[in-house]
Structures are given as structure tokens and as C-alpha cells.
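Novice: The structure under discussion is supplied below as C-alpha cells; questions concerning it will follow.
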Amino acid sequence: MDVALLVQYGPAILSGLLMTVQVCVLAGILAVSLALPVSLAVSSPLWLLRVAARTYIEIMRGTPVLIVLFLLYYGGPSIGVRLDALPAGVLGLGCYGAAFFAEIFRAGFQSIPKGQIEAARMVGMTNLQIMRQIKVPQMLALILPPGTNQFIILVKESALLSIITVAELTKTATQMANETFAVVEPYLVIALLYWLFIEIIAQTAAKIEERIRWQG
Amino acid sequence: MSARTAEPMPAGAQSGMTARPPEAKPALQPMIVAKGLRKSFGARQVLHDVDLTVLPSEVVCIIGPSGSGKSTVLRCLAFLERYDDGTVHIEGDLLGYHEVGSRRMPASDRRVDQVRASLGMVFQHFHLWPHMTALANVTTALRVVKRMPRTEAEAQGRAMLAKVGLADRADAYPAALSGGQKQRVAIARALAMQPKAMLFDEPTSALDPELVGEVLAVMKHLAAEGMTMVVVTHEMGFAAHVADRVVFMDAGRIIEQGPPSELFSNPKSERLQQFLATWRERSL
Ligand SMILES: Nc1ncnc2c1ncn2[C@@H]1O[C@H](COP(=O)(O)OP(=O)(O)OP(=O)(O)O)[C@@H](O)[C@H]1O
Ligand SMILES: [Mg+2]
């Protein structure tokens, strides 16, 4: 293990880590905020919305994320969409993750017993109030474990952004390996950093789960 | 057809120049009037021309074998189930539909909520909201539907919990409550909205036998206070002692109804005789 090498590349690795965190947070926010309307559309009474949402989910589920990224970054310009690597990466990762989060949300909505909704109707709540007071708070608790998993998957997928030249952790390590011919050090270090990042996410989720007192 | 005609007109009320103005309400307007209710699930008709009138402060118990349509009637009265034919009037207002000429159109959600506001409902399986404390279960609708300030809502919520004997459990989550306590919170939740009538669908059927009494006691108290109640129940003792009228249903029809003393001691239809005989055998 060449420690001097790590010291030399320390700043680059750190900035790669920050880029990975940034990409994951942005893509995560995008995925979740896109997933909510998609999950609602899937069970919408409107035929068109239902089909559109279903199609979106099926396409994303059936495509490797790398292809989505390639299409966006390299294929985008041919239809007039010219994106820098970072926005293309965040967009691709976010839109891809949204399909999976949407399925998690849908399952969450469905697992709220119909009787609870009827009870809310009987005390006069509107659909919006039922959503806000009854469905969403319970759903958040229900989707926390699978949602955490999905976010961890997204963190791992973010390594693919190195291929479309985003200077995140994996890209930094590859560059380091190319320049120094060291293989073990760069990849071992970033493996450790990915693990650390994911561990923090998992622990945070566990803490939140503990604080949800109502689950019997 | 005007909603008011649900109330029988006094003879001669419609003749002469001094017809009653349409907004005048008769002295004892029925709370709930269901007429000719029909309901099918798919091809299966589960309600056949059900007529039921409930007067203010009346306690009506609906009994009958499993699958006879008791819950469906109750759910139609609350429009949790859309009835196919017939009418339900709540204090003279048509529930769930509005009439355009001779055609009838589904009423808007808002209109349904408006008419339904005089009804409270208690379910067999409580259906408390598990992510809220007992107090929040009672106060949420006060705050978001009636837009009551939090402190006021909580004062009222605590009063309601006290009424069902649960003042000390206000901060407990449903998961920490016994079945009987859950059902009493559910009753408090419905009462908080100050309904004029309460509908109960087998409120004690999901409870351990030793917890049935505490819920029935709350219901008896409500009845004594003059609450209008429609109670689907298998508790014959409750029906016998508390009901003003007992309605016996079988196969989607009302077979017989009357004061409990009459119905239980002198059942006219064979089906009710059978039903009561089976019940007596089982409770020996
Ligand atoms: N949502 C539904 N879809 C299809 N069929 C239904 C539905 N709800 C009720 N039914 C059927 O309608 C009939 C009447 O049911 P209902 O629940 O009103 O009976 P009940 O008298 O309340 O019975 P129980 O004493 O078991 O509660 C039954 O045959 C039932 O299977
Ligand atoms: Mg029933």
C-alpha cells in the first residue's frame, strides 16, 4: 500500500467524493419528486395517465441505466438536447430511479387500509386532506426501508457517471490508476468511501425508523 | 320529486291558497329516509327495495344472518357505497345524487360531504389512523375540516375522550390500546364532529368478549342522551334493551321490523323465528 500516493491524490479523491455526494443527493431529490406524481398516475382513474405512467416505468425498468445515460449524453444532441455531463448524469440517474421509487410509493399507497380512508371521508375530509393527513405520513414510514435500499442502489449506480466524464469518485480513481499504474490503492480507497457513504445513509434511516413511535 | 315529500304530508296541506312554503320543515322530520334502495355487486343484487326511516333520537338495531346485507344498507346510508336505485335522504337532503329534471346525476364530492356531515360512523375494525395519537385521531378533522385552532380542537378532543372514559389515554398511539379502547376512540372521533346521527357497523364484533361491555356502555349512554343511532349488531341483549326498533334483514330484504319486545317475543316470519332459535341455541 503506497501511502504517499494516497496523500498526493487526497484532494482529488475528496473532491470526487463531494461530487458523488452531490450527484446522489440531486438525483435522489429528482427521483423522489418525479416518482410521487408517477405513482399517483399509475392508479389514476384517467386512462391516458395510467398508460403513460406504466409505459414510463416499464421502459426504465427494462433498460440498463448506462444506456439511459448514453442516450441522454451522447444521443441528446441529435434531438437538440445538449447537456453537460453533470446535468445529464443527474437527470439520467434521477429519471431512472424515479421509476423504481414510483413502484415503492405505489405499494405504500396500496398498503393503507381502505377503511382508514372511509373513516376520514366520514369526518368530512377532502381527497387532498386525506392525502396530506392520512396517506402520505403513513406512506413515508412504510417506504422508508425499501426507499433507503433504492437510494443505496442509486449511490452505486452513480459510479457509471464516470463513463460520461463526470468527475466523481470512480472517475477520480480511474484517472489515478491511469496516471500512476497503481490499481489496488485507488479502487480500495474509493470502495471504502462508498461503503462509508452508504453506511451513513443506512444508519440515518435506522435512526429515523426508531423515531417513528407509532408502529406497533 | 322534492325531498320534502319524504315526510308524509298532513291531509289537505297541499290544497287551498295557503300551501306550506317549501322551506318550512315539519315538526318531526325524519333524520334518515331510505326508499327503494337497490344495490348490486356485479351481477349479484344484494339489496332489494329496502325502505328504512329513522326518526330523530330513535335507536334502530339491524339484525340478520351473515351476508344478508346489513353492512351494505348502512354503507349506502353513509354513501360509502353507491346505491344503484332508490333514494337516501338525510334530514330531507338527497344523498349522493342530485336531480336534474327527471334524470339523476352523481353529486359532487363536496355536496356528498355536506349532506353526510350530519352522520358519524363507527366500523367493526375501528379504522383508527395508526400514525396519530388517540387525541390526534379525534382532533384532526376538527382542525382541518372545521378549521378550529389547535388549542380549541384539543380541548374539545379531550372532552370527547373523557366522554368515552379515555381521558388518560389521550397521548397513546392506537397500537398501544386494547380493542375496546380503540373502538371508544373511534366513537369519540365520530362524536367530535357533532353528528346528528351515528351509524355503527357491528362495533363489538371484533372485540374479545370481556371488552364488549365497555363499548356497549358508551353506546347506551349515547342513546340515553338522545343520539339518533342505527346499529348493525349481533348483540341481542343490546338490541332488546336499548333499541326503539329492531329491523330484521335476510337475503337483501327487510323481512320484519318493530319494537324489540314484540319482535323478539312474537316473531311473525319463519325466517326470524329460525334466526332467533339459532341464536338462542348458540348462546346457551
Ligand atoms: N365490495 C363487495 N363486493 C362484492 N360483494 C360484496 C361486497 N360487499 C358485500 N358483498 C356481498 O354482499 C352481500 C351482503 O354483504 P354485507 O356485508 O352487507 O352483509 P352483512 O349482513 O353485513 O354480513 P355480516 O354479518 O357477515 O357482516 C354478501 O353476499 C357479500 O358477499
Ligand atoms: Mg357486515
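Any read-out appearing in this document is the output of simple, stated calculations on the displayed coordinates, not a laboratory observation. Just so it is clear, the model here is predicted, and its values are computed rather than measured. In this analysis, Cβ positions are derived from the backbone assuming ideal geometry, glycine residues included, and neighbour counts consider all displayed protein chains.
Novice: Given the criterion within 16 Å of ligand 2 (Cβ to nearest atom) and assigned to a loop (DSSP other than H, G, I, E, B), identify the matching residue among B:Pro203, B:Pro195.
Specialist: On the way: B:Pro195 fails: within 16 Å of ligand 2 (Cβ to nearest atom).
Going through B:Pro203, B:Pro195 in turn, just one is within 16 Å of ligand 2 (Cβ to nearest atom) and assigned to a loop (DSSP other than H, G, I, E, B): B:Pro203.
Novice: Which is closer than 27 Å to B:Val212 by Cβ, within 21 Å of the chain's Cα centre (by Cα) and either touching a residue at least 12 places away in the same chain (Cβ under 8 Å) or crowded, with 18+ Cβ neighbours inside 10 Å (or both), of B:Leu177, B:Leu161, B:Leu95, B:Leu135?
Specialist: On the way: B:Leu177 fails: within 21 Å of the chain's Cα centre (by Cα); B:Leu95 fails: closer than 27 Å to B:Val212 by Cβ; B:Leu135 fails: within 21 Å of the chain's Cα centre (by Cα).
Exactly one residue qualifies, and that residue is B:Leu161.
Novice: Applying the selection to the stretch B:240-261, what residues are out of contact with any Phe, Trp or Tyr (no Cβ under 8 Å at 6 or more places or on another chain) and outside any strand (DSSP E or B)?
Specialist: First, pick out the residues of the stretch B:240-261 that are out of contact with any Phe, Trp or Tyr (no Cβ under 8 Å at 6 or more places or on another chain): B:241-245, B:247, B:249, B:251-253, B:258-261.
Within the stretch B:240-261, B:His241, B:Val242, B:Ala243, B:Asp244, B:Ala251, B:Gly252, B:Pro259, B:Pro260, B:Ser261 qualify.
Novice: Another question, if that's okay. When only residues in the stretch B:27-71 that are closer than 21 Å to B:Ala223 by Cα and within 7 Å of ligand 1 (Cβ to nearest atom) count, which is nearest to the other protein chains (Cβ to nearest Cβ)?
Specialist: B:Ser71
Each row is one residue, and each column tells you yes or no for (1) more than 16 Å from ligand 1 (Cβ to nearest atom); (2) closer than 24 Å to B:Thr53 by Cα; (3) buried (at least 22 other Cβ atoms within 10 Å of the Cβ).
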| site | (1), (2), (3) |
| --- | --- |
| B:Ala197 | yes, yes, yes |
| B:Ala206 | no, no, no |
| B:Val215 | yes, no, yes |
| B:Ala224 | yes, yes, no |
| B:Met229 | yes, yes, yes |
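Novice: While we're on this one: Which one of B:Phe275, B:Phe264 is of a type in the set (Phe, Trp, Tyr), more than 14 Å from every other protein chain (Cβ to nearest Cβ), part of a helix (DSSP H, G or I) and more than 16 Å from ligand 1 (Cβ to nearest atom)?
Specialist: Numbers: B:Phe275 fails: more than 16 Å from ligand 1 (Cβ to nearest atom).
Only one candidate qualifies: B:Phe264.
Novice: Same structure again: Kindly evaluate B:Ala167 against the criterion of being within 14 Å of chain A (Cβ to nearest Cβ) and more than 28 Å from A:Asn127 (Cα to Cα). Give the steps one after another, and end with the answer.
Specialist: Working: within 14 Å of chain A (Cβ to nearest Cβ): no; more than 28 Å from A:Asn127 (Cα to Cα): yes.
Judged against the criteria, B:Ala167 is not a match.
Novice: Then there's this: So, of the residues in the stretch B:80-108 that are closer than 30 Å to B:Ala159 by Cβ and outside any loop (DSSP other than H, G, I, E, B), which turns out to be nearest to the other protein chains (Cβ to nearest Cβ)?
Specialist: Ranking the qualifying residues of the stretch B:80-108, first place goes to B:Ile90.
Novice: Could you run through the stretch B:203-231 and say how many residues are in contact with a Ser or Thr (Cβ under 6 Å, 6 or more places away or on another chain) and touching a residue at least 60 places away in the same chain (Cβ under 8 Å)?
Specialist: Residues meeting the conditions: 2.
Novice: Go through (1) touching a Ser or Thr at 6+ places or on another chain (Cβ under 9 Å); (2) away from ligand 1 (no atom under 16 Å from the Cβ); (3) closer than 30 Å to B:Met236 by Cβ; (4) without any contact (Cβ under 8 Å) to a residue 60 or more places away in the chain for B:Glu154 and report which single condition fails.
Specialist: Evaluating B:Glu154 over (1) touching a Ser or Thr at 6+ places or on another chain (Cβ under 9 Å); (2) away from ligand 1 (no atom under 16 Å from the Cβ); (3) closer than 30 Å to B:Met236 by Cβ; (4) without any contact (Cβ under 8 Å) to a residue 60 or more places away in the chain leaves (3) as the failure.
Novice: For the stretch A:164-192, what are the residues that are more than 18 Å from A:Ala4 (Cα to Cα) and crowded, with 16+ Cβ neighbours inside 10 Å?
Specialist: A:Ile164, A:Val166, A:Ala167, A:Glu168, A:Leu169, A:Thr170, A:Lys171
Novice: Give me a count of the residues in the stretch B:116-137 that are more than 8 Å from every other protein chain (Cβ to nearest Cβ), in contact with a Phe, Trp or Tyr (Cβ under 8 Å, 6 or more places away or on another chain) and under 21 Å from B:Leu52 (Cα atoms).
Specialist: Selection size over the stretch B:116-137: 1.
Novice: What tally of residues in the stretch B:54-77 results from selecting those that are touching a helix residue (DSSP H, G or I) at 6+ places or on another chain (Cβ under 8 Å) and more than 13 Å from ligand 2 (Cβ to nearest atom)? Give the derivation first.
Specialist: Taking the stretch B:54-77 first, the residues touching a helix residue (DSSP H, G or I) at 6+ places or on another chain (Cβ under 8 Å) are B:59, B:61-65.
Okay, now just the ones that are also more than 13 Å from ligand 2 (Cβ to nearest atom), so B:59, B:61.
Summing the residues that are touching a helix residue (DSSP H, G or I) at 6+ places or on another chain (Cβ under 8 Å) and more than 13 Å from ligand 2 (Cβ to nearest atom) in the stretch B:54-77 gives 2.
Novice: Assess whether A:Ala182 counts as being under 26 Å from B:Ala190 (Cα atoms), among the small types (Gly, Ala, Ser) and either within 14 Å of chain B (Cβ to nearest Cβ) or not in a helix (DSSP H, G or I) (or both).
Specialist: no
Novice: Out of all the residues in the stretch A:1-50, which are outside any helix (DSSP H, G or I) and either touching a Pro at 6+ places or on another chain (Cβ under 9 Å) or over 20 Å from A:Ala177 (Cβ atoms) (or both)? Step through it out loud before you land on a result.
Specialist: From the stretch A:1-50, those outside any helix (DSSP H, G or I) are A:1-2, A:43-46; that's our starting set.
Answer for the stretch A:1-50, where residues must be outside any helix (DSSP H, G or I) and either touching a Pro at 6+ places or on another chain (Cβ under 9 Å) or over 20 Å from A:Ala177 (Cβ atoms) (or both): A:Ser43, A:Ser44, A:Pro45, A:Leu46.
Novice: So, B:Leu199, is that one within 14 Å of chain A (Cβ to nearest Cβ), over 18 Å from A:Gly115 (Cβ atoms) and in contact (Cβ under 8 Å) with a residue 60 or more places away in the chain or not? Steps first, answer last, please.
Specialist: Details: within 14 Å of chain A (Cβ to nearest Cβ): yes; over 18 Å from A:Gly115 (Cβ atoms): no; in contact (Cβ under 8 Å) with a residue 60 or more places away in the chain: yes.
Spelling it out, it is not the case that B:Leu199 is within 14 Å of chain A (Cβ to nearest Cβ), over 18 Å from A:Gly115 (Cβ atoms) and in contact (Cβ under 8 Å) with a residue 60 or more places away in the chain.
Novice: Suppose we filter B:Arg116, B:Arg44 for residues that are surrounded by fewer than 23 Cβ atoms within 10 Å (Cβ to Cβ), closer than 27 Å to B:Val246 by Cβ and free of Cβ contacts under 8 Å to residues at least 60 places away in the same chain; which single one remains? Let's see the steps before the verdict.
Specialist: Values: B:Arg116 fails: surrounded by fewer than 23 Cβ atoms within 10 Å (Cβ to Cβ).
After applying the criteria, what remains is B:Arg44.
Novice: Follow-up. Scan the stretch A:135-155 residue by residue and report those that are facing chain B (nearest Cβ under 7 Å) and surrounded by 21 or more Cβ atoms within 10 Å (Cβ to Cβ).
Specialist: If the condition is that a residue be facing chain B (nearest Cβ under 7 Å) and surrounded by 21 or more Cβ atoms within 10 Å (Cβ to Cβ), then A:Gln138 is the only one that fits.
Novice: Spot the failing condition for A:Arg211; the list is (1) within 14 Å of chain B (Cβ to nearest Cβ); (2) touching a residue at least 60 places away in the same chain (Cβ under 8 Å), and only one is missed.
Specialist: Result: A:Arg211 passes all but (2).
Novice: Identify, from the list B:Arg184, B:Arg147, the residue that is away from ligand 1 (no atom under 16 Å from the Cβ) and in a loop (DSSP other than H, G, I, E, B).
Specialist: Working: B:Arg184 fails: in a loop (DSSP other than H, G, I, E, B).
On inspection, the qualifying residue turns out to be B:Arg147.
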